[in-house]
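Taking it in order: structure first as structure tokens, then the write-up.
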Amino acid sequence: MKTTEIEELTRTACAEIAGAESVDRLEEIRVSYLGRKGKLPEIMSRLKEVPPGDKPAFGQAANQFKQAVTQALQEQKQSLQRTSAPANALDVTLPGTTGFVGGNHPIRQIMVRVIEIFDRIGFTVATGPDVETVFHNFDALNTPADHPSRDEQDTFYLEDGTLLRTQTSPIQIRYMQEHPPPVRIIAPGRAYRRDTPDATHTANFHQVEGLFVDKHVSMADLKGDLTYFASEVLTRDAKVRFRPHFFPFTEPSVEVDFTCHVCKGKGCRVCKNSGWIEIMGAGMVDPDVFTAVGYDPDAVSGYAFGMGLERIAMILYEIDDIRRLYENDARFLRQFA
Amino acid sequence: MKVPLSWLQDYIDLPDSISELCDLLTFSGLEVEGVETVGSDYEGIRVAEITAVRRHPDADKLTLCTIDFGEEESLEVVCGAPNVRVGMKTIYAPVGSRLPNGMKLKKAKIRGVVSLGMLCAEDELGLSERHEGIMDLPGDPAPGTPAVEVLGQPETVFDLEITPNRPDCLGMIGVARELSALTDRPLRLPECPLPDSEEAPPPSVDLQDSTGCPRYTARTIDGVTVGPSPDWMQKRLRLSGVRPINNLVDITNYVMLESGQPLHAFDRDLLRGDRIVVRRAAPGESFTTLDDRVHDLTDKDVVIADAEGAVALAGVMGGANSEIQPGTSRLLLESACFDPATVRATSKRLDLHTESSYRFARGCDPTASEQVSRRAASLILAHAGGTLSAPVADVYPDPKPPVELECSWEKVTGLIGLDIPVASMKNYFHRLGLDLISESDTGCRLVVPGHRLDLTRPVDLVEEVARLHGLDRIPVRSPQARIVHGAKDVELRVEKRIWSHLADRGFLETLTYSLTSPELLDRLDPQSKGQRVHLPNPISQDQSVLRSSLIPQLVETLSFNRSRQLETLAVFEAGKVFRMGKAGGVEETISIALGLMGTTRRPVLQQQTPLGDQEAFLNLKGELEWIFQRLGCEQDITLTPSEDPAFAPGQGAEIRLRNTVCGRMGLICAAERERGKFNGPIAVGELDLQPLFPEPGALVRMQPIPDQPAVTRDVALLVDMSCRHQDVLDVIAQQRPADLEQVSLFDLFTGEKLGGNRKSMAYRFTYRNAKKTLTDKAVEKMHRRVEDRLMSELPAEIVGRG
């Protein structure tokens, strides 16, 4: 027997092993090669016939044969075991024990986000009652005595002459009455208007109000702080645009547009091709408001802004009807979880 | 307000670009809400003459019109208009042409007859909303004439939002004046030369209420002829949304739209006593406005009266008794200034809202009344004929002095946040018509023109400078973060933690309206009756009371979702609830409510096993305990059975914090279960959050961790069905050994084997001494005493030990 024959035998054995499809068959193969009556003892029995000079090479070949077959058997056995599951194997694809999706309401998420953004530049949260006095909701906010918004048509009054606040701005008044300047507050809350419900109106909605009063506060501060806010809440590098407007409690007053978050200002369906989205009303606190709360309008200045959270949610999430936000359909709410 | 571009161009030369104009207007504060093109170039559409008309064979309301439209061959179109007649000149849109609304005409079969194109009404040509009949063209245009030649070039109309502070912009000239200031282009005001009037005493005007009417002017014109106003005027009125009536009425409307100040024309022959009295109405005075509505007036209303009675509601509407008639030949033209608040109040109380009341309610410039009257008179003389029968009567008892404002350069630039050169500011003021009367290093003194009723305080000048300089030039100043002390947001931080904790526990947060229906509260929060806050002027009964609890709407939410085939749902809402306080006034409290439907708390693979009442209750209780733990008050909470009828009998509980009620929970009653079509128990609970908030600054103190081993004893007690877990704990507490560290229930069993009225409760007792290792014997001694007490006091039978 020559060493080449042993090498040939090694290849045959390895091929046979690789073709084995069960552990039992592997055992048969093992016995036929390495068993007491198998090929290996047969080879070893031929050793005596080998010329002495070739004996070391022959021995080495026999050894390699044994090693190769043993290793092939081992590998094939492992490979077969991998494909056949043990009795206590788990179905790792089953659903986990708690598969329920919970989540905060989109309005809540936005409210928390707005507060967090202003929290970072030193704003404190302030709150106030939903049931307000005429003084806090209108008078102190410089609303003329016969302003239409005071009508029973537009405002919910209670028997005792108080009202459901029509805006979160009375929180400004309450806060300034209780705290000397400087003031930096962010005030979330519900506001109420006597609107007939439709796709863009509900009897109550959420607002967030901001107020910053100090020495030398200017419209440049308003623009700066809102630009920071726009970049955080909508889109990086957002810009802010002011349009002149009128509110009784600020002078000058502006409407504030942010760069459209969808097209980044290029113009698209969401922003009606303008590149801008109207987000809030703002302005410099009117001196009459300062006077009403006992601040000296010559000593301080300030800005205020207010935004409707439903409106922002509708823009951000492309919600078609404000009433969906109050309908509480789980299929709707889960989309924002 | 609708503003046709061509009308503006009478007063100012404007840039060609429409979008540039829109930006100019919007950034000056006159927001362009829309731009409309009225009409089109009408390509392919032309004049046609109807040469024959016959009935449609199969439709009563349709006719077949043969038309000549300038081609060799005539053709036939089907028409539905009632006004067709032979010889009529109208507008024909042939097959293949496109209407202004984008519709392309195709050959169509209408009730079996082929129609080649259509004859058009005004709405189809984008000229107005009118669709009473097809256009009946005046004059004699030749068939085939392109439509654009008879209908005119398309018109651009801006729709402007005029803020309430700018009544001066409620007219074309006001808008043009703004554009003139913005672009620094000259303004051309209409010239209104009037011939000398006849020598006669001016009309008699008795102004009795100069508060309600600071200025009243009256001009009399005799010999006018009522007829249609010129086409150009009618077209402008239509473009502005005003319906043409006759030359006299149209001219007053035209001048109102031009100047922003309303006017009124009376038939002078109908004015009894030939005099005008401006006075407060007598209480109970009755008056019929020209829309034929009868009003009861009060002394809050100002009327224009003749010698016998009211002939107009000042600034709101004229009277039926003195309006212009087709045969009117002598007229009295009123141009006056009325008090905004009075007009607003009258208009609101009588629910009478007109173009006139809208403008006067926002304020008008008394210095302009006479000029406006001149303008109207000159147009009347030009388009209705007649002569000025007397000089104007102009009653202006207390001429309003011009407003003077002090402007501080530093204040203006300081508030804007930008250094604007003084020369620029002066230029802006000049362009706005503010006359500089004196100047110093620090500022100047300005006279405000009469039409700028909104400029009353120095701060009002800031916006003028800012918008003329350009709001886009205001720099973006980086946030100047600075801490303001006195933050009171601890509560919000705690709430935020609960909101996000519940979301993580699989609860969906809901939001419901603060306003709800009393009937719903009666069902699910009956105990609040008598303390609820009702609205006297609700929009609907469904939203007529402020919610006193979050549970009712939470149950509605569960039911809403159940009806959309959901089997399981966990929801919560956090928000305010409202009750009348004991001392009067409304008390607002922050509440949180949780609701569970179905087996949401079970592992996924056990969802289909039906949910028992006890399990449903404990699921929700467990969730509330999470919250108590988060708030650090779990030791102070107890639940006691409650009789709340919202819950099923024996399945509701009051939640107490150190003996003060702070909430309720339970399984909703059978009636509610049925109403909501629920197919299993529904557990809901609500907490008043404020009392649960941790003390501000409360800190945890570390407790030593025991290093001695614990010894446990398990005991299964067979007790009466009515025995509660708390009863067991109470008995143990009566004589609790010092080394008994913990008692915990680990099994509860009821079953046939035990008989229907008994149950088995298994407890584990954990003993430990902080200082020494307890011996078995010592534990046995303590434990025996506990067991004995349980057996005698509960009573209980011990059926197993471990």
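When B:Ala376 is tested against (1) more than 12 Å from chain A (Cβ to nearest Cβ); (2) in a loop (DSSP other than H, G, I, E, B), only condition (2) is not met. Residues that are over 26 Å from B:Ala670 (Cα atoms), within 11 Å of chain A (Cβ to nearest Cβ) and in a strand (DSSP E or B) occur in region B:590-612; there is at least one.
Restrict the check to region A:70-92 and report whether at least one residue is touching a residue at least 12 places away in the same chain (Cβ under 8 Å), open to solvent by 10 Å² or more (accessible area, probe 1.4 Å) and part of a loop (DSSP other than H, G, I, E, B). Within region A:70-92 (the criterion being touching a residue at least 12 places away in the same chain (Cβ under 8 Å), open to solvent by 10 Å² or more (accessible area, probe 1.4 Å) and part of a loop (DSSP other than H, G, I, E, B)), the answer is no, since none of the residues qualifies.
May I ask you to verify whether B:Asp41 is acidic (Asp, Glu), at pLDDT 85 or above and open to solvent by 40 Å² or more (accessible area, probe 1.4 Å)?
Answer is no for this residue.
Within the span defined as region B:640-649, every residue fails to be without any contact (Cβ under 8 Å) to a residue 40 or more places away in the chain, within 11 Å of chain A (Cβ to nearest Cβ) and under 44 Å from the mean Cα position of the chain (by Cα). Can you confirm whether B:Thr163 is open to solvent by 20 Å² or more (accessible area, probe 1.4 Å) and either out of contact with any strand residue (DSSP E or B) (no Cβ under 8 Å at 6 or more places or on another chain) or of a type in the set (Ser, Thr, Tyr) (or both)? So B:Thr163 fails the test. Does at least one position in region B:701-715 carry a residue that is on the phi > 0 side of the Ramachandran plot and open to solvent by 60 Å² or more (accessible area, probe 1.4 Å)? So far as region B:701-715 goes, no, none of its residues is on the phi > 0 side of the Ramachandran plot and open to solvent by 60 Å² or more (accessible area, probe 1.4 Å). Here the condition is being under 17 Å from B:Glu149 (Cα atoms) and not β-branched (Val, Ile, Thr); of B:Asp60, B:Asp68, B:Asp41, it holds for B:Asp41 alone. Counted as qualifying within region B:735-802 are the strands (runs of 3 or more DSSP E) with 2 or more residues that are without any contact (Cβ under 8 Å) to a residue 24 or more places away in the chain and open to solvent by 80 Å² or more (accessible area, probe 1.4 Å), namely B:740-750.
Can A:Gln67 be described as open to solvent by 40 Å² or more (accessible area, probe 1.4 Å) and over 30 Å from B:Gln606 (Cα atoms)? When the stated conditions are applied, A:Gln67 passes them. Here B:Arg724, B:Arg758, B:Arg701, B:Arg736 are screened, and the one residue that is within 30 Å of B:Glu495 (Cβ to Cβ), among the basic types (Lys, Arg) and modelled with pLDDT under 95 is B:Arg701.
What number of residues within region A:150-164 satisfy the criterion of being surrounded by 15 or more Cβ atoms within 10 Å (Cβ to Cβ) and either more than 10 Å from chain B (Cβ to nearest Cβ) or of a type in the set (A, V, I, L, M) (or both)?
The total comes to 4.
Table: residues versus (1) surrounded by fewer than 23 Cβ atoms within 10 Å (Cβ to Cβ); (2) within 10 Å of another protein chain (Cβ to nearest Cβ); (3) part of a loop (DSSP other than H, G, I, E, B).
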site	(1), (2), (3)
A:Cys268	yes, no, yes
A:Lys272	yes, no, yes
A:Asp288	yes, yes, no
A:Ala299	yes, no, yes
A:Arg311	yes, no, no
A:Tyr326	yes, yes, no
A:Leu333	no, yes, no
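Taking the condition open to solvent by less than 10 Å² (accessible area, probe 1.4 Å), among the polar types (S, T, N, Q) and touching a strand residue (DSSP E or B) at 6+ places or on another chain (Cβ under 8 Å), does B:Ser329 pass? Against the criterion (open to solvent by less than 10 Å² (accessible area, probe 1.4 Å), among the polar types (S, T, N, Q) and touching a strand residue (DSSP E or B) at 6+ places or on another chain (Cβ under 8 Å)), B:Ser329 does not qualify. Within region B:552-589, the residues that satisfy the criterion of being in a loop (DSSP other than H, G, I, E, B) and either acidic (Asp, Glu) or at the interface with another protein chain (Cβ under 9 Å from one of its Cβ atoms) (or both) are B:Arg564, B:Leu566, B:Glu567, B:Thr568, B:Gly584, B:Gly585. Of all residues in region B:464-491, those satisfying the criterion of being open to solvent by less than 30 Å² (accessible area, probe 1.4 Å) and free of Cβ contacts under 8 Å to residues at least 24 places away in the same chain are B:Val484, B:Asp489. Is it the case, given these coordinates, that A:Leu226 is away from chain B (no Cβ under 13 Å) and either crowded, with 17+ Cβ neighbours inside 10 Å or closer than 18 Å to A:Leu316 by Cβ (or both)? Spelling it out, it is not the case that A:Leu226 is away from chain B (no Cβ under 13 Å) and either crowded, with 17+ Cβ neighbours inside 10 Å or closer than 18 Å to A:Leu316 by Cβ (or both).
For region B:108-135, the tally of residues that are outside any strand (DSSP E or B) and either aliphatic (A, V, I, L, M) or buried (at least 16 other Cβ atoms within 10 Å of the Cβ) (or both) stands at 10.
Here's a check for you: in region B:342-352, which residue that is free of Cβ contacts under 8 Å to residues at least 24 places away in the same chain and surrounded by fewer than 17 Cβ atoms within 10 Å (Cβ to Cβ) is nearest to B:Glu323 (Cα to Cα)? Per the criteria, the residue is B:Asp351. Selection over region A:198-213 of residues that are within 8 Å of chain B (Cβ to nearest Cβ) and open to solvent by 10 Å² or more (accessible area, probe 1.4 Å) gives a count of 0. In region B:722-731, the count of residues that are open to solvent by less than 90 Å² (accessible area, probe 1.4 Å) and in a loop (DSSP other than H, G, I, E, B) is one or more. Just checking, how many residues over region A:33-85 are within 25 Å of A:Glu21 (Cβ to Cβ) and either of a type in the set (Asp, Glu) or in contact with a Pro (Cβ under 9 Å, 6 or more places away or on another chain) (or both)? So the answer is 3. For region A:144-173, residues that are among the charged types (D, E, K, R), in contact with a His (Cβ under 9 Å, 6 or more places away or on another chain) and more than 21 Å from B:Arg579 (Cβ to Cβ) total 0. Of all residues in region B:263-278, those satisfying the criterion of being buried (at least 19 other Cβ atoms within 10 Å of the Cβ) and more than 16 Å from B:Leu331 (Cβ to Cβ) are B:Val277, B:Val278. Scanning region B:509-534 for residues that are more than 30 Å from A:Phe336 (Cα to Cα), part of a loop (DSSP other than H, G, I, E, B) and either out of contact with any strand residue (DSSP E or B) (no Cβ under 7 Å at 6 or more places or on another chain) or open to solvent by less than 10 Å² (accessible area, probe 1.4 Å) (or both) yields B:Asp525, B:Lys529, B:Gly530.
So for region A:173-194 (the condition being more than 9 Å from chain B (Cβ to nearest Cβ), open to solvent by 40 Å² or more (accessible area, probe 1.4 Å) and under 22 Å from B:Ser540 (Cα atoms)), does at least one residue qualify? Within region A:173-194, one or more residues are more than 9 Å from chain B (Cβ to nearest Cβ), open to solvent by 40 Å² or more (accessible area, probe 1.4 Å) and under 22 Å from B:Ser540 (Cα atoms).
The values are calculated or read from the model by the stated rules, or taken from the named source; none is laboratory data. No experiment lies behind these values; they were computed from the predicted model shown. All Cβ positions, even for glycine, are placed from backbone atoms using ideal geometry, and neighbour counts span all protein chains on display. These area figures cover heavy atoms from the full protein model, side chains too; ligands, DNA and RNA do not enter into them. Shrake-Rupley method; radii C 1.70, N 1.55, O 1.52, S 1.80 Å.
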